[in-house]
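Q: Encoded as structure tokens, here's the structure I'll be asking about.
The values are calculated or read from the model by the stated rules, or taken from the named source; none is laboratory data. Keep in mind that this is a model prediction, so the values were computed, not measured. We place every Cβ from the backbone using ideal geometry, glycine too, and count neighbours over all the protein chains shown. Note: areas computed on protein heavy atoms with side chains; ligands, DNA, RNA excluded. Shrake-Rupley method; radii C 1.70, N 1.55, O 1.52, S 1.80 Å.
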Amino acid sequence: MKKVSESIFVCANCGNEFSKWSGQCSACHEWNSLKEIKSLKSKNLNSKKRRGQETEIKNLGKIQSTPNPSFDKEGRYQNIFSTEIKEFDRVLGKGIVRGQVILFAGEPGIGKSTLLTQLIGKIGGLYVAAEETAEQIALRVERLGLDKNKFDILETNVVEEIEEIIERTNNVFKIVVVDSIQMVSCAESSGTPGSLAQIRESTFRLVEMAKKSGVAIFIVGHVTKEGDIAGPKMLEHMVDTVLYFEGEKDGELRILRVNKNRFGPTDEVGVFKMEEKGLREISSEEVSLIDSKMPQIGSTISVVMEGSRPLLVEIQALVTESFSQIPKRIFSGIDYNRGQLLVAVAQKVLSIPLYKEDVFVAVSGGIKISDPGVDLAVIGAIYSSYKDKIIMGEGDHKGSPVLIGEVSLLGKVRKVRMAERREREIKSLGMEMMKIENIGELKKV
Ligand code: TYD
Ligand code: MG
């Protein structure tokens, strides 16, 4: 078959593809983000038709939802298999599906290689080392106290070699980990390793390989602090599942989040702690992102829902007199615009002149919160810091004040999703929620 070389344009911001260049991406409206890619195999890779196959119509009644379902001796369904790491399984749905391609993204140093090494340590597999040497991996495996025999290592950064090995070892490996895609290149394609063209081409080939052979492939992708590396964004469209591994590098806590999943839910998270001997799973009961056990000025406690599990978080605020024309607003762990809005609501409803103050808000444990149930706790922490006093409820609160609720523009506190579940969590820890219907009531406590 003749190789077709054609140009396409990929948006470095959102990963959408276009046949023509333009100054602005019509999908995400980013300016100057389209990059030209000379794609070698794009013609036949985009087409589902395989060589030598006749075009045919299939009746859905004759189609089984997974290719050749088979059961093992214990009657377990073989097309989905467990990672043998509970938190990992929950995030994926039930486990790994045959032929699934999973993008495993996260900042450098966050622990991607560590977790995937632990995964192979449990279920065995092929580790494609494109970044490290086999010796370095051996060192990590030893450090983690894992069984070296579970590991097959392929030291390469050429995608054709990975293809060849997968083809040759047909069905020997359940999973293949490619660490990392930024280092892998395709000999037939132009561009340096890590370039858009190379990442795209290499991923296309891995996806094709996974679908053909049934092996599940984990593709490791680094993202920067801003999450703006083009590679992983573009890859999201190509794979079945996108997992993000997050956390504060200095902190111990790591959250495994699922962003897209063709085979399972997208709202579950897994929680781990990075320790001396690798990542340890953290159960619901153990998760507490609370720094201060005693009530403190500028600190409140809240419960956010991550999928079906409640997480106890501490919100810390620091409000200090501003000496700059435009006061500082710094939010870590909560959305900037949401933070701005909460500051404005607090200023208006609580009648406090925050326009003269610098406001810093942080979530302990370094997790990112998108749950609006944390609104009230943010406002409570800001108010407490501004007033320089501890917020205290009427009852006997053990420890810090617990505030849960979404706050409206008028300062009304709305009930949150899964409110009962959150309250139960608080009760089980011997704490009590403060009942507040309007943020104006904070003045009284
Ligand atoms: P790594 O998995 O190499 O990160 P990534 O692949 O995402 O770039 O993890 C790097 C960090 O994890 C490194 O700073 C050391 C730390 N670490 C531990 O704390 N304990 C361990 O057992 C291991 C293997 C790593
Ligand atoms: Mg790594």
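Q: Residues that are touching a helix residue (DSSP H, G or I) at 6+ places or on another chain (Cβ under 7 Å), over 25 Å from Leu410 (Cα atoms), in a loop (DSSP other than H, G, I, E, B) and touching a residue at least 60 places away in the same chain (Cβ under 8 Å): does the range 272-294 have at least one?
A: Filtering the range 272-294 down to residues touching a helix residue (DSSP H, G or I) at 6+ places or on another chain (Cβ under 7 Å) leaves 272, 278-279, 281, 289-291.
Still in the list and also over 25 Å from Leu410 (Cα atoms): 272, 278-279, 281, 289-291.
Those left that are additionally in a loop (DSSP other than H, G, I, E, B): 290-291.
Okay, now just the ones that are also touching a residue at least 60 places away in the same chain (Cβ under 8 Å), so 290-291.
Among the residues of the range 272-294, at least one is touching a helix residue (DSSP H, G or I) at 6+ places or on another chain (Cβ under 7 Å), over 25 Å from Leu410 (Cα atoms), in a loop (DSSP other than H, G, I, E, B) and touching a residue at least 60 places away in the same chain (Cβ under 8 Å), which makes the answer yes.
Q: Here is a follow-up. State whether one or more residues within the range 161-172 are crowded, with 22+ Cβ neighbours inside 10 Å and away from ligand 2 (no atom under 15 Å from the Cβ). Outline the logic, then answer.
A: So in the range 161-172, the residues crowded, with 22+ Cβ neighbours inside 10 Å come out as 162, 166.
Now drop any that are not away from ligand 2 (no atom under 15 Å from the Cβ), which leaves 162, 166.
Checking the range 161-172: at least one residue is crowded, with 22+ Cβ neighbours inside 10 Å and away from ligand 2 (no atom under 15 Å from the Cβ).
Q: If you check every pair at least six apart or on different chains, which have Cβ atoms under 6 Å apart with a residue in the range 93-120 that is in the same structural domain as Arg254 (by TED's automatic domain parsing) and under 16 Å from Phe272 (Cα atoms) first and a residue that is open to solvent by 20 Å² or more (accessible area, probe 1.4 Å) and not hydroxyl-bearing (Ser, Thr, Tyr) second?
A: Every condition considered, the pairs that remain are Gly109/Lys249; Gly111/Met274; Thr117/Arg140.
Q: To continue, here is another question. Given the criteria modelled with pLDDT of 90 or more and surrounded by 18 or more Cβ atoms within 10 Å (Cβ to Cβ), does Gly405 qualify?
A: Values: modelled with pLDDT of 90 or more: yes; surrounded by 18 or more Cβ atoms within 10 Å (Cβ to Cβ): yes.
Against the criterion (modelled with pLDDT of 90 or more and surrounded by 18 or more Cβ atoms within 10 Å (Cβ to Cβ)), Gly405 qualifies.
Q: Considering the range 102-128 alone, what residues qualify as being basic (Lys, Arg) and away from ligand 1 (no atom under 13 Å from the Cβ)? Walk me through how you get there before you give the answer.
A: Narrowing the range 102-128 to residues basic (Lys, Arg): 112, 122.
Passing the criteria: only Lys122.
Q: So which of Gly307, Gly278, Gly270 ends up being more than 16 Å from the chain's Cα centre (by Cα) and under 30 Å from Ile120 (Cα atoms)?
A: Working: Gly307 fails: more than 16 Å from the chain's Cα centre (by Cα); Gly270 fails: more than 16 Å from the chain's Cα centre (by Cα).
Going through Gly307, Gly278, Gly270 in turn, just one is more than 16 Å from the chain's Cα centre (by Cα) and under 30 Å from Ile120 (Cα atoms): Gly278.
Q: Then there is this: Sort out which residues of the range 93-129 are open to solvent by 10 Å² or more (accessible area, probe 1.4 Å) and either within 21 Å of the chain's Cα centre (by Cα) or within 10 Å of ligand 2 (Cβ to nearest atom) (or both), and write them in order of number.
A: Across the range 93-129, the qualifying residues are Gly93, Lys94, Val97, Glu107, Pro108, Gly109, Ser113, Thr114, Gln118.
Q: Within the range 304-338, count every residue that is part of a loop (DSSP other than H, G, I, E, B) and surrounded by fewer than 17 Cβ atoms within 10 Å (Cβ to Cβ).
A: Pass one, the range 304-338, residues part of a loop (DSSP other than H, G, I, E, B): 307-308, 322-328, 333, 335.
Add one more test, that the residue is surrounded by fewer than 17 Cβ atoms within 10 Å (Cβ to Cβ), and what stays is 307-308, 322-326, 328, 335.
Here the count works out to 9.
Q: For Ile301, indicate whether it is open to solvent by less than 10 Å² (accessible area, probe 1.4 Å), under 28 Å from the mean Cα position of the chain (by Cα) and away from ligand 2 (no atom under 16 Å from the Cβ). Walk me through it before giving the result.
A: Values: open to solvent by less than 10 Å² (accessible area, probe 1.4 Å): yes; under 28 Å from the mean Cα position of the chain (by Cα): yes; away from ligand 2 (no atom under 16 Å from the Cβ): yes.
For Ile301, the condition - open to solvent by less than 10 Å² (accessible area, probe 1.4 Å), under 28 Å from the mean Cα position of the chain (by Cα) and away from ligand 2 (no atom under 16 Å from the Cβ) - is met.
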